[in-house]
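Peer 1: Handing you a structure now.
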Amino acid sequence: MTKDHKETNSMPFTRRGFMAATAAGGMTLAIGSRSALAQADDTIKVGFISPRTGPLAGFGQTDGYVLDLARKALAGGLQAGGKTWKVEIIDQDTQSDPSRAGQLAKDLINNRGIDLMLAVSTPETINPVADACEAAGVPCLSTVMPWEAWYFGRGAKPGAPSPFKWTYHFGFGVGEFHKTYVSQWNLIKTNKKVGVMYPNDADGNAIRANLAPLLAKDGFTIVDPGPYENGTSDYSAQIALFKREGVEIFSSFPIPPDFAAFWRQAAQQGLTRKIKICQVAKTGLFPSDIEALGKLGVNVSSAAYWHKAFPYKSTLTGVSGTELADGYEATSGKQWTQQLGASLSLLDAGFDALKASTDVKSKEAVAKALSTLKTTTIAGKVDFTSGPVANVSPGPIIGTQWVKAPEGSKFALDYVVTENVTDPNVPASGKLIPYNG
């Protein structure tokens, strides 16, 4: 290469050249930053945390389908405050681990910049997420756990003002369980002796403290062997007590593996033959949990926070209960579950609050919209202006039972509504059958 060639193709490094290059680079960075900021400013980010795997996976089984419906409904954006906003729903799986739930919430808050958090299903998911949001000043809405376990389980005191500014919860509470259980249990003649299994967790402790005394006032004798730890493998002592006391009603709030272990042992030791009503909450909600019990699952009673018979439509997607259930079955090949409507109701209520907010990018404005939210989701009414305590909107829970499906049915079991005291708009479709009948 010649000297002349070098001079022709090289650029002298001058102060003026350096400043020009720096300015050009800075302009590129500034344009890129403004573009990113503009995109962030035009996008509402919503976190959605649920248990999709692990012992509580039944609660998250349908969430993929529900989130797909929501994203399709929001594909054209969300109208709020006279503007159309892009929407990003960032869903996360807790793997049924409370510690992971809290970590996921902090990541969504600190690293993903969410504007609203949605959390669904059980205290193991909801409480750590709500606590993280309360600490960080991020609005959070949740459903599917007794509200007492959410409210008092997170440190609120009876009769005292709510300690929560950012977190809100809707759905059933002890009062709804009390009405439903009394209504359900009075459908069959029993000796009114109830053997209860309340675990040593947020659900179990809230139910023991609040529901058992109400049932006792209604004339039911509560036989309580005391709290047990989740994961217990031997229930011989509890079974022996129930047999000795002659209980004819069994009621529990276990995680699925624990109920399966208990109920199989109860059958082996002769207890199930004495039981006229087996009322199971938390487990007993989903067909997969009942089918796993084989013949022992037939005629187990449950309670539904949503059923495809609910006569309401989704405010976000416009689908009815029947359309939601049928669509899921057609897409997945699996039987519909009550979680479909529950998870969709959370999205309904969350996006209704965003639409009502004066500024979707203001955490304070979104929290204010939650505190005054009045709407009717696919699961029924949500009203934070008239709850039993601040930050809570109670909701129905309906008496149900798993029975053999008619011959020729696609699935082995039918999930029938047997009573509707907490929402008479929901039609009862079956008569309660004795468990051992």
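Peer 1: Report whether or not LYS106 is part of a loop (DSSP other than H, G, I, E, B) and more than 20 Å from VAL66 (Cα to Cα). Working first, answer last.
Peer 2: On the way: part of a loop (DSSP other than H, G, I, E, B): no; more than 20 Å from VAL66 (Cα to Cα): yes.
Here the answer is no, as LYS106 does not meet what is asked.
Rundown of residues vs (1) surrounded by fewer than 24 Cβ atoms within 10 Å (Cβ to Cβ); (2) aromatic (Phe, Trp, Tyr), yes/no style:
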site	(1), (2)
SER251	no, no
PHE262	no, yes
GLN269	yes, no
THR272	yes, no
GLY284	no, no
TRP306	no, yes
THR317	yes, no
GLU323	yes, no
ASP352	yes, no
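Peer 1: Moving on. Conditions: (1) outside any loop (DSSP other than H, G, I, E, B); (2) among the aliphatic types (A, V, I, L, M); (3) surrounded by fewer than 24 Cβ atoms within 10 Å (Cβ to Cβ); (4) in contact with a helix residue (DSSP H, G or I) (Cβ under 6 Å, 6 or more places away or on another chain). VAL421 meets all but one. Number of the miss?
Peer 2: (1)
Peer 1: Also: Considering only residues of the range 210-230 that are in a helix (DSSP H, G or I) and at pLDDT 90 or above, which is surrounded by the most Cβ atoms within 10 Å (Cβ to Cβ)?
Peer 2: Narrowing the range 210-230 to residues in a helix (DSSP H, G or I): 210-217.
Right, trim to at pLDDT 90 or above and you get 211-217.
Details: LEU211: 24, ALA212: 19, PRO213: 12, LEU214: 16, LEU215: 21, ALA216: 12, LYS217: 10.
Checked the range 210-230; the qualifying residue surrounded by the most Cβ atoms within 10 Å (Cβ to Cβ) is LEU211.
Peer 1: Can you name the condition, by its number, that PHE310 falls short on among (1) touching a Lys or Arg at 6+ places or on another chain (Cβ under 9 Å); (2) surrounded by 18 or more Cβ atoms within 10 Å (Cβ to Cβ)?
Peer 2: The single condition PHE310 does not satisfy is (1).
Peer 1: With (1) touching a strand residue (DSSP E or B) at 6+ places or on another chain (Cβ under 8 Å); (2) assigned to a loop (DSSP other than H, G, I, E, B) as the list, and PHE262 as the residue in question, which single condition is left unmet?
Peer 2: (2)
Peer 1: Report, ordered by the first and then the second residue, all pairs with beta carbons closer than 8 Å, sequence separation of six or more or different chains, a first member in the range 319-330 that is among the charged types (D, E, K, R), and a second member that is at pLDDT below 95 and loosely packed, with under 15 Cβ neighbours inside 10 Å.
Peer 2: GLU329/LYS410
Peer 1: Residue by residue through the range 130-147, note down the ones that are in contact with a Pro (Cβ under 9 Å, 6 or more places away or on another chain) and either of a type outside the set (A, V, I, L, M, F, W, C) or outside any loop (DSSP other than H, G, I, E, B) (or both).
Peer 2: The initial filter retains those residues of the range 130-147 that are in contact with a Pro (Cβ under 9 Å, 6 or more places away or on another chain), namely 133-134, 145-147.
Scanning the range 130-147 gives CYS133, GLU134, PRO146, TRP147.
Peer 1: If I ask for residues that are of a type in the set (Gly, Ala, Ser) and outside any strand (DSSP E or B), which ones from the range 189-205 would you list? Steps first, please.
Peer 2: Going through the range 189-205, the residues of a type in the set (Gly, Ala, Ser) turn out to be 195, 202, 204.
Across the range 189-205, the qualifying residues are ALA202, GLY204.
Peer 1: Return the pair list, or none, for Cβ contacts closer than 8 Å from residues in the range 90-119 that are over 30 Å from GLY231 (Cα atoms) to residues that are among the polar types (S, T, N, Q) and at pLDDT below 95, at least 6 apart or on different chains.
Peer 2: Within 8 Å, no pair qualifies.
Peer 1: Could you please give the count of residues in the range 62-88 that are part of a helix (DSSP H, G or I) and out of contact with any Lys or Arg (no Cβ under 9 Å at 6 or more places or on another chain)? Even if it seems obvious, please write down each step before you answer.
Peer 2: First, pick out the residues of the range 62-88 that are part of a helix (DSSP H, G or I): 63-73.
From what is left, the residues that are out of contact with any Lys or Arg (no Cβ under 9 Å at 6 or more places or on another chain) are 65-73.
Looking only at that region, the number is 9.
Peer 1: Something else about it: Just to be sure I understand the filter: pairs with C-beta atoms under 9 Å, separated by 6 or more residues or on different chains, first member in the range 213-240 and in contact (Cβ under 8 Å) with a residue 12 or more places away in the chain and assigned by TED's automatic domain parsing to the domain that holds VAL182, second member in a helix (DSSP H, G or I) and of a type in the set (Val, Ile, Thr). Which pairs pass?
Peer 2: LEU214/VAL174; LEU214/VAL182; LEU215/VAL182; ASP218/VAL182; PHE220/VAL182
Peer 1: Considering only residues of the range 128-147 that are closer than 11 Å to PHE164 by Cα, surrounded by fewer than 24 Cβ atoms within 10 Å (Cβ to Cβ) and touching a residue at least 24 places away in the same chain (Cβ under 8 Å), which is farthest from the chain's Cα centre (by Cα)?
Peer 2: So the residue we want is GLY137.
Peer 1: Hey, another quick one. Answer yes or no as to whether SER233 is out of contact with any strand residue (DSSP E or B) (no Cβ under 6 Å at 6 or more places or on another chain) and surrounded by fewer than 19 Cβ atoms within 10 Å (Cβ to Cβ). Write out each step before concluding.
Peer 2: Numbers: out of contact with any strand residue (DSSP E or B) (no Cβ under 6 Å at 6 or more places or on another chain): yes; surrounded by fewer than 19 Cβ atoms within 10 Å (Cβ to Cβ): yes.
Yes: the conditions hold for SER233.
Peer 1: Follow-up. Has the range 172-182 got at least one residue that is touching a Leu at 6+ places or on another chain (Cβ under 9 Å), buried (at least 23 other Cβ atoms within 10 Å of the Cβ), part of a strand (DSSP E or B) and not basic (Lys, Arg)?
Peer 2: Checked against the condition, which is being touching a Leu at 6+ places or on another chain (Cβ under 9 Å), buried (at least 23 other Cβ atoms within 10 Å of the Cβ), part of a strand (DSSP E or B) and not basic (Lys, Arg), the range 172-182 yields no hits at all.
Peer 1: Residues of the range 231-259 being at positive phi and in a strand (DSSP E or B), which ones? Even if it seems obvious, please write down each step before you answer.
Peer 2: Quick first cut of the range 231-259, residues at positive phi only: 231, 246.
Matches in the range 231-259: none.
Peer 1: Among the residues that make up the range 411-426, is at least one of them small (Gly, Ala, Ser) and farther than 30 Å from THR167 by Cβ? Give the derivation first.
Peer 2: Here is the first cut: in the range 411-426, the ones small (Gly, Ala, Ser) are 412.
After this cut, where a residue has to be farther than 30 Å from THR167 by Cβ as well, the list is 412.
Looking for residues that are small (Gly, Ala, Ser) and farther than 30 Å from THR167 by Cβ, one finds at least one in the range 411-426, hence yes.
For every residue, the table says whether it meets (1) touching a helix residue (DSSP H, G or I) at 6+ places or on another chain (Cβ under 7 Å); (2) closer than 22 Å to GLY58 by Cα.
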residue	(1), (2)
ALA309	yes, yes
THR315	yes, no
GLY333	no, yes
SER362	no, no
VAL389	yes, no
VAL392	yes, no
LYS410	no, yes
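Peer 1: Out of the residues in the range 357-368 that are without any contact (Cβ under 8 Å) to a residue 60 or more places away in the chain and assigned to a helix (DSSP H, G or I), which is surrounded by the fewest Cβ atoms within 10 Å (Cβ to Cβ)?
Peer 2: Taking the range 357-368 and keeping what is without any contact (Cβ under 8 Å) to a residue 60 or more places away in the chain, we get 362, 364-365, 368.
Okay, now just the ones that are also assigned to a helix (DSSP H, G or I), so 364-365, 368.
Values: GLU364: 14, ALA365: 17, LYS368: 17.
Out of the qualifying residues, it is GLU364.
Peer 1: Of all residues in the range 387-418 being part of a loop (DSSP other than H, G, I, E, B) and among the polar types (S, T, N, Q), which is modelled with the lowest pLDDT? Before you say what the answer is, go through the steps one by one.
Peer 2: Here is the first cut: in the range 387-418, the ones part of a loop (DSSP other than H, G, I, E, B) are 387-391, 395-397, 405-412.
Next cut, among the polar types (S, T, N, Q) only: 391, 409.
Values: ASN391: 98, SER409: 93.
Restricting to residues being part of a loop (DSSP other than H, G, I, E, B) and among the polar types (S, T, N, Q), the top hit is SER409.
Peer 1: Out of the residues in the range 405-430 meeting the condition of being free of Cβ contacts under 8 Å to residues at least 60 places away in the same chain and of a type in the set (Gly, Ala, Ser), tell me which one is nearest to PHE286 (Cα to Cα).
Peer 2: So the residue we want is ALA405.
The values are calculated or read from the model by the stated rules, or taken from the named source; none is laboratory data. All values reported here derive from a predicted model rather than from experimental measurement. With ideal geometry, Cβ positions are generated from the backbone for all residues, glycine too; neighbour counts draw on all protein chains shown.
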